[in-house]
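Coordinate-derived values only; no laboratory data. What you are looking at is a predicted structure, and each value in this text was computed from that prediction instead of being measured. Cβ placement follows ideal geometry from the backbone for every residue including glycine, while neighbour counts extend to all protein chains displayed.
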Amino acid sequence: MIEIKINLNSKDYMEYLSKAASVIKGQKDYITRLDAETGDGDHWVNLNMGFEKLLEQKEVLEVMSLSDMFKKIAITLMSTIGGSSGVLYGSAYLKVSQVIAGEDVITADLLKDILAAKLEGIMERGNAKPGFKTMIDPLYRAHEYMTEAFNNNATDEEILLAMKKGAAYGMNETAQMEAVKGRACYRSDKGVGKLDPGAVTMYYQLAALVEYIMEQS
């Protein structure tokens with residue numbers, strides 16, 4: 001039985017982003033419909049545009065150092081994705097570029113730090129926190145579950161599975177939350193009963209990362 005290890009370089013990360021982009025692209029109708037119920041209905045269009053722009057630069061990005069790659073990803077997403085999402089994604093990746101400075105590969109320990117950095121970047125820039133019914137919720141739970149697995153001396157595979165499980169839980173729990181940010185917070189029902197589209201697309205990305213690593217091992 002092959003042991004699964006988390007060990008990603010820049011090329012690996014760009015391959016993962018290709019997988020995540022494909023997943024998001026395939027969910028156009030679902031995400032657009034979901035967003036139309038509580039928001040502007042443009043979340044998929046904006047996010048997909050950002051990922052397509054990243055893939056256009058794939059050959060350039062995959063030969064950069066991890067830190068420079070994350071910084072370039074941040075700038076690209078910030079300038080391509082419309083609305084608040086671009087700023088939030090950009091802030092997340094900028095924070096990661098600082099955390100990952102000097103590192104050549106992403107290990108399990110560093111991946112945990114990357115999730116924490118993304119959380120910090122988004123929460124600081126968006127003035128938001130877990131429970132606000134946003135993309136933060138699956139990211140927060142993924143990090144929480146991953147950290148618990150780490151503290152229990154779990155294997156890399158167990159850590160990854162915990163990360164994916166946490167992301168799914170965080171996404172699903174947004175259905176019962178009242179929106180504090182975005183257009184949904186102006187609705188009389190505060191979006192209760194509906195999944196947050198930003199949380200769903202964040203889950204797709206986290207799940208795609210887990211799946212990519214496990215497929216490559």
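The alpha-carbon of K11 sits under 16 angstrom from the alpha-carbons of these lysines, leaving out residues fewer than 8 places away in its chain: K19, K58, K71, K72. Amide H to amide H distances under 5 Å link I106 with L8, N9, where only residues 5 or more positions off or on other chains count and H is placed in the peptide plane.
Multiplying the sequence separation of N152 and A36 by 0.36 nm and subtracting their Cα-Cα distance, what value in nm do you get?
37.6 nm
When peptides 80-88, 156-164 are sorted by average Cβ neighbour count within 10 Å, with the highest value leading, the order is 156-164, 80-88. Loop-located GluC sites (Glu not before Pro) in the stretch 1-37 (DSSP state other than H, G, I, E, B) with a sparse environment of at most 10 neighbouring Cβ atoms within 10 Å: E3. In the list [x] 1.11; [y] 0.96; [z] 1.04, the label attached to Cα Rg over 2.2 N^0.38 Å as derived from the coordinates here is [y]. In this calculation the C-beta distance from E59 to E215 is compared with R0 = 25 Å, giving a FRET efficiency of 0.70.
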